[in-house]
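Below is one structure; the comments refer to it alone.
The values are calculated or read from the model by the stated rules, or taken from the named source; none is laboratory data. Bear in mind that the values here come from a model prediction, so they are computed numbers and not experimental data. No Cβ is skipped: glycine too gets one built from the backbone with ideal geometry, and neighbour counts run over all protein chains shown. These area figures cover heavy atoms from the full protein model, side chains too; ligands, DNA and RNA do not enter into them. Shrake-Rupley method; radii C 1.70, N 1.55, O 1.52, S 1.80 Å.
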Amino acid sequence: MLKPIIIAVDGYSSTGKSTFAKMIARRMGYIYIDTGALYRAVALLALENGMVDGNGLLDEEGLKALLYGPKPPCITFKVSGDGRSRTFVDGRDVEGEIRSMYVSGKVSRVASLPFVREFVDGILRKIGENRGVVMDGRDIGTTVFPDAELKIFMTASPEIRAGRRQKELAAKGEIVDLKTVLENIRERDYADEHRPVSPLVKASDAIVLDNGDMTLEQQMEWFEDVLGRTCCHGSQD
Ligand code: DC
(Lines give C-alpha, C1' and ligand atoms only; values in the text may rest on other atoms or scores of the structure.)
Protein backbone atom coordinates (compact mmCIF):
# COMPACT_ATOMS: atom_id res chain seq x y z
CA MET A 1 0.00 0.00 0.00
CA LEU A 2 1.19 3.54 -0.72
CA LYS A 3 2.15 5.47 2.37
CA PRO A 4 -0.34 8.30 3.05
CA ILE A 5 1.18 11.74 2.85
CA ILE A 6 0.27 15.29 3.85
CA ILE A 7 -0.46 17.67 0.99
CA ALA A 8 -0.26 21.35 1.97
CA VAL A 9 -2.07 23.76 -0.35
CA ASP A 10 -1.17 27.32 0.69
CA GLY A 11 -1.61 30.63 -1.06
CA TYR A 12 -3.51 33.87 -1.44
CA SER A 13 -7.21 34.21 -0.69
CA SER A 14 -9.66 33.43 -3.51
CA THR A 15 -7.14 31.54 -5.62
CA GLY A 16 -9.51 28.58 -5.71
CA LYS A 17 -7.48 26.69 -3.10
CA SER A 18 -10.48 24.94 -1.60
CA THR A 19 -11.91 23.76 -4.94
CA PHE A 20 -8.51 22.49 -6.03
CA ALA A 21 -7.68 20.96 -2.63
CA LYS A 22 -11.06 19.17 -2.51
CA MET A 23 -10.49 17.72 -5.96
CA ILE A 24 -7.05 16.43 -5.15
CA ALA A 25 -8.32 15.01 -1.83
CA ARG A 26 -10.96 13.07 -3.76
CA ARG A 27 -8.35 11.94 -6.28
CA MET A 28 -6.10 10.69 -3.43
CA GLY A 29 -8.91 9.31 -1.23
CA TYR A 30 -7.78 11.70 1.53
CA ILE A 31 -9.60 13.89 4.06
CA TYR A 32 -9.88 17.54 3.03
CA ILE A 33 -9.50 20.30 5.63
CA ASP A 34 -10.25 23.97 4.95
CA THR A 35 -8.07 25.56 7.63
CA GLY A 36 -9.36 29.09 6.93
CA ALA A 37 -12.79 27.91 8.13
CA LEU A 38 -11.32 27.48 11.62
CA TYR A 39 -10.07 31.09 11.68
CA ARG A 40 -13.42 32.22 10.31
CA ALA A 41 -15.24 30.29 13.05
CA VAL A 42 -13.07 31.94 15.73
CA ALA A 43 -13.76 35.38 14.18
CA LEU A 44 -17.50 34.63 14.22
CA LEU A 45 -17.30 33.68 17.90
CA ALA A 46 -15.51 36.96 18.68
CA LEU A 47 -18.20 38.93 16.83
CA GLU A 48 -21.09 37.03 18.39
CA ASN A 49 -19.70 37.45 21.88
CA GLY A 50 -19.45 41.21 21.51
CA MET A 51 -15.65 41.17 21.46
CA VAL A 52 -15.41 43.59 18.52
CA ASP A 53 -16.50 47.13 19.30
CA GLY A 54 -17.98 49.75 16.95
CA ASN A 55 -14.47 50.91 15.99
CA GLY A 56 -13.42 47.38 15.07
CA LEU A 57 -11.30 46.99 18.22
CA LEU A 58 -10.95 43.43 19.42
CA ASP A 59 -11.12 42.32 23.05
CA GLU A 60 -8.09 40.01 22.88
CA GLU A 61 -8.19 39.00 26.54
CA GLY A 62 -11.86 38.07 26.25
CA LEU A 63 -11.18 35.94 23.18
CA LYS A 64 -8.23 34.23 24.87
CA ALA A 65 -10.41 33.43 27.88
CA LEU A 66 -13.05 31.96 25.57
CA LEU A 67 -10.61 29.74 23.63
CA TYR A 68 -8.59 28.56 26.63
CA GLY A 69 -11.30 28.68 29.28
CA PRO A 70 -12.98 25.75 31.01
CA LYS A 71 -15.27 25.12 28.03
CA PRO A 72 -13.34 25.82 24.83
CA PRO A 73 -15.42 25.90 21.64
CA CYS A 74 -15.50 22.64 19.71
CA ILE A 75 -15.02 23.32 15.98
CA THR A 76 -15.67 20.37 13.69
CA PHE A 77 -16.32 19.55 10.05
CA LYS A 78 -19.01 17.34 8.60
CA VAL A 79 -19.27 16.21 5.03
CA SER A 80 -22.86 16.46 3.79
CA GLY A 81 -24.58 14.19 1.26
CA ASP A 82 -23.45 16.30 -1.70
CA GLY A 83 -19.80 15.88 -0.64
CA ARG A 84 -19.49 19.45 0.69
CA SER A 85 -17.77 20.04 3.99
CA ARG A 86 -19.64 22.19 6.52
CA THR A 87 -18.22 23.85 9.62
CA PHE A 88 -19.85 23.42 13.04
CA VAL A 89 -19.24 25.24 16.32
CA ASP A 90 -20.46 23.27 19.32
CA GLY A 91 -22.79 21.35 17.02
CA ARG A 92 -24.21 24.48 15.31
CA ASP A 93 -23.86 24.76 11.52
CA VAL A 94 -22.04 28.08 10.90
CA GLU A 95 -21.00 27.47 7.28
CA GLY A 96 -23.15 30.29 5.87
CA GLU A 97 -22.19 32.86 8.48
CA ILE A 98 -18.44 32.28 8.33
CA ARG A 99 -18.41 33.03 4.56
CA SER A 100 -20.18 36.42 4.89
CA MET A 101 -18.41 39.74 4.34
CA TYR A 102 -19.17 40.50 8.00
CA VAL A 103 -16.78 37.73 9.07
CA SER A 104 -14.35 38.22 6.12
CA GLY A 105 -13.75 41.79 7.27
CA LYS A 106 -12.53 40.67 10.72
CA VAL A 107 -10.87 37.35 10.12
CA SER A 108 -7.36 38.56 9.21
CA ARG A 109 -7.14 40.50 12.46
CA VAL A 110 -8.24 37.46 14.46
CA ALA A 111 -5.87 35.18 12.52
CA SER A 112 -2.95 37.47 13.34
CA LEU A 113 -3.15 36.70 17.07
CA PRO A 114 -0.54 34.14 18.20
CA PHE A 115 -2.88 32.51 20.75
CA VAL A 116 -5.56 32.04 18.06
CA ARG A 117 -2.99 30.45 15.72
CA GLU A 118 -1.85 28.14 18.51
CA PHE A 119 -5.47 27.12 19.15
CA VAL A 120 -6.09 26.37 15.46
CA ASP A 121 -2.69 24.65 14.93
CA GLY A 122 -3.49 22.27 17.80
CA ILE A 123 -6.70 21.17 16.06
CA LEU A 124 -4.93 20.79 12.71
CA ARG A 125 -1.98 18.75 14.02
CA LYS A 126 -4.42 16.38 15.70
CA ILE A 127 -6.36 15.90 12.46
CA GLY A 128 -3.15 15.32 10.48
CA GLU A 129 -1.42 12.96 12.89
CA ASN A 130 -2.20 9.91 10.73
CA ARG A 131 -1.42 11.79 7.49
CA GLY A 132 -3.64 11.12 4.46
CA VAL A 133 -4.93 14.72 4.44
CA VAL A 134 -5.04 17.67 2.10
CA MET A 135 -5.10 20.96 4.01
CA ASP A 136 -5.55 24.35 2.43
CA GLY A 137 -4.48 27.52 4.19
CA ARG A 138 -1.65 30.03 4.47
CA ASP A 139 0.99 28.43 6.66
CA ILE A 140 0.41 24.69 6.42
CA GLY A 141 3.67 23.98 4.58
CA THR A 142 5.69 26.49 6.60
CA THR A 143 4.39 26.22 10.18
CA VAL A 144 1.73 23.59 10.79
CA PHE A 145 3.30 20.74 8.80
CA PRO A 146 6.75 21.87 7.64
CA ASP A 147 7.40 18.16 6.99
CA ALA A 148 4.49 17.82 4.54
CA GLU A 149 5.60 15.60 1.68
CA LEU A 150 3.98 17.75 -1.01
CA LYS A 151 3.56 21.53 -0.80
CA ILE A 152 1.67 23.57 -3.36
CA PHE A 153 1.56 27.38 -3.33
CA MET A 154 -1.36 28.91 -5.24
CA THR A 155 -1.50 32.38 -6.72
CA ALA A 156 -3.37 34.51 -9.32
CA SER A 157 -3.69 38.27 -9.87
CA PRO A 158 -5.82 40.25 -7.33
CA GLU A 159 -8.21 41.31 -10.15
CA ILE A 160 -8.89 37.73 -11.22
CA ARG A 161 -9.38 36.68 -7.60
CA ALA A 162 -11.77 39.58 -6.90
CA GLY A 163 -13.89 38.59 -9.91
CA ARG A 164 -14.11 35.01 -8.63
CA ARG A 165 -14.97 36.11 -5.10
CA GLN A 166 -17.67 38.48 -6.33
CA LYS A 167 -19.32 35.64 -8.27
CA GLU A 168 -19.14 33.35 -5.23
CA LEU A 169 -20.83 35.99 -3.05
CA ALA A 170 -23.48 36.72 -5.71
CA ALA A 171 -24.31 33.01 -5.91
CA LYS A 172 -25.17 33.23 -2.22
CA GLY A 173 -27.28 36.37 -2.71
CA GLU A 174 -24.65 38.81 -1.38
CA ILE A 175 -24.25 41.50 -4.04
CA VAL A 176 -21.02 43.46 -3.55
CA ASP A 177 -19.37 45.76 -6.10
CA LEU A 178 -16.06 44.67 -7.58
CA LYS A 179 -14.13 47.60 -6.11
CA THR A 180 -15.16 46.65 -2.55
CA VAL A 181 -14.26 42.99 -3.12
CA LEU A 182 -10.89 43.97 -4.63
CA GLU A 183 -10.16 46.23 -1.65
CA ASN A 184 -11.02 43.40 0.76
CA ILE A 185 -8.70 41.04 -1.17
CA ARG A 186 -5.82 43.53 -1.16
CA GLU A 187 -6.30 44.22 2.56
CA ARG A 188 -6.30 40.52 3.32
CA ASP A 189 -3.20 39.92 1.15
CA TYR A 190 -1.40 42.68 3.02
CA ALA A 191 -2.52 41.44 6.45
CA ASP A 192 -1.67 37.81 5.58
CA GLU A 193 1.79 38.70 4.25
CA HIS A 194 2.74 41.16 6.98
CA ARG A 195 1.57 39.59 10.22
CA PRO A 196 4.50 38.88 12.53
CA VAL A 197 3.37 35.31 13.30
CA SER A 198 3.21 32.76 10.48
CA PRO A 199 2.93 35.26 7.62
CA LEU A 200 1.81 34.04 4.22
CA VAL A 201 5.02 33.07 2.48
CA LYS A 202 5.88 30.36 0.00
CA ALA A 203 7.78 27.50 1.64
CA SER A 204 11.16 27.12 -0.04
CA ASP A 205 10.21 23.58 -1.13
CA ALA A 206 6.69 24.45 -2.35
CA ILE A 207 5.70 24.22 -6.01
CA VAL A 208 3.92 27.31 -7.39
CA LEU A 209 0.59 26.96 -9.18
CA ASP A 210 -0.54 30.21 -10.87
CA ASN A 211 -4.03 29.28 -11.98
CA GLY A 212 -5.04 32.75 -13.27
CA ASP A 213 -5.87 31.40 -16.71
CA MET A 214 -6.16 27.70 -16.01
CA THR A 215 -9.31 25.60 -16.03
CA LEU A 216 -9.92 23.06 -13.29
CA GLU A 217 -9.09 20.26 -15.74
CA GLN A 218 -5.75 21.88 -16.51
CA GLN A 219 -5.04 22.22 -12.78
CA MET A 220 -5.76 18.52 -12.30
CA GLU A 221 -3.45 17.63 -15.20
CA TRP A 222 -0.80 19.81 -13.56
CA PHE A 223 -1.35 17.94 -10.28
CA GLU A 224 -1.03 14.50 -11.92
CA ASP A 225 2.24 15.62 -13.42
CA VAL A 226 3.52 16.90 -10.04
CA LEU A 227 2.32 13.76 -8.27
CA GLY A 228 4.20 11.59 -10.72
CA ARG A 229 7.38 13.49 -9.81
CA THR A 230 6.84 13.38 -6.02
CA CYS A 231 9.30 10.85 -4.70
CA CYS A 232 7.55 10.08 -1.37
CA HIS A 233 4.24 9.23 -2.98
CA GLY A 234 5.71 6.05 -4.46
CA SER A 235 7.15 4.69 -1.21
CA GLN A 236 5.76 1.48 0.20
CA ASP A 237 4.58 0.73 3.74
O1 DC B 1 -8.84 30.95 3.12
P2 DC B 1 -9.79 31.91 3.80
O3 DC B 1 -9.99 33.20 3.04
O4 DC B 1 -11.06 31.28 4.19
O5 DC B 1 -9.04 32.32 5.16
C6 DC B 1 -9.64 33.14 6.10
C7 DC B 1 -8.58 33.94 6.85
O8 DC B 1 -7.82 33.07 7.69
C9 DC B 1 -7.60 34.72 5.99
O10 DC B 1 -7.53 36.05 6.47
C11 DC B 1 -6.29 34.05 6.21
C12 DC B 1 -6.45 33.29 7.48
N13 DC B 1 -5.77 31.99 7.45
C14 DC B 1 -4.55 31.91 8.04
O15 DC B 1 -4.05 32.90 8.55
N16 DC B 1 -3.91 30.71 8.08
C17 DC B 1 -4.46 29.63 7.52
N18 DC B 1 -3.81 28.45 7.57
C19 DC B 1 -5.70 29.71 6.87
C20 DC B 1 -6.34 30.93 6.84
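One table, with the values for the structure above:
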| item | result |
| --- | --- |
| Positions within segment 183-200 being of a type in the set (A, V, I, L, M) and touching an Asp or Glu at 6+ places or on another chain (Cβ under 7 Å), in sequence order | Leu200 |
| First in segment 130-153 and closer than 7 Å to Ile6 by Cα, second anywhere and within 12 Å of the ligand (Cβ to nearest atom), Cβ under 7 Å, 6 or more apart | Val133/Ile33; Val134/Val9; Val134/Ala21; Ala148/Ala8; Ala148/Ile140; Ala148/Gly141 |
| Any hit, segment 165-177, residues being touching a helix residue (DSSP H, G or I) at 6+ places or on another chain (Cβ under 6 Å) and basic (Lys, Arg) | yes |
| Selected residue (only one of Tyr102, Tyr68, Tyr39 is over 15 Å from Val133 (Cα atoms), within 14 Å of the ligand (Cβ to nearest atom), modelled with pLDDT of 95 or more and open to solvent by 10 Å² or more (accessible area, probe 1.4 Å)) | Tyr39 |
| Among residues of segment 162-175, those that are open to solvent by less than 40 Å² (accessible area, probe 1.4 Å) and free of Cβ contacts under 8 Å to residues at least 60 places away in the same chain, counted | 1 |
| Residue satisfying condition, being aliphatic (A, V, I, L, M), open to solvent by less than 50 Å² (accessible area, probe 1.4 Å) and either in contact with a Ser or Thr (Cβ under 9 Å, 6 or more places away or on another chain) or away from the ligand (no atom under 14 Å from the Cβ) (or both), within set Val107, Val144 | Val144 |
| Cβ pairs under 6 Å, 6+ apart, first in segment 33-60 and more than 13 Å from Ala111 (Cα to Cα), second of a type in the set (Gly, Ala, Ser) and modelled with pLDDT under 95 | Asp34/Ser18 |
| Close pairs (9 angstrom Cβ cut-off, 6 or more residues apart or separate chains): touching a residue at least 12 places away in the same chain (Cβ under 8 Å) and open to solvent by 40 Å² or more (accessible area, probe 1.4 Å) in segment 8-31, in a loop (DSSP other than H, G, I, E, B) and within 11 Å of the ligand (Cβ to nearest atom) anywhere | Tyr12/Arg138; Tyr12/Leu200 |
| The listed residue being open to solvent by 50 Å² or more (accessible area, probe 1.4 Å), of a type in the set (Asp, Glu) and over 30 Å from Val226 (Cβ atoms), out of Glu97, Glu159, Glu129 | Glu97 |
| Exclusive hit being crowded, with 18+ Cβ neighbours inside 10 Å and touching a residue at least 12 places away in the same chain (Cβ under 8 Å), set Leu178, Leu200 | Leu200 |
| Test: residue in segment 12-35 that is over 26 Å from Ala156 (Cβ atoms) and either more than 13 Å from the ligand (Cβ to nearest atom) or modelled with pLDDT of 95 or more (or both) | yes |
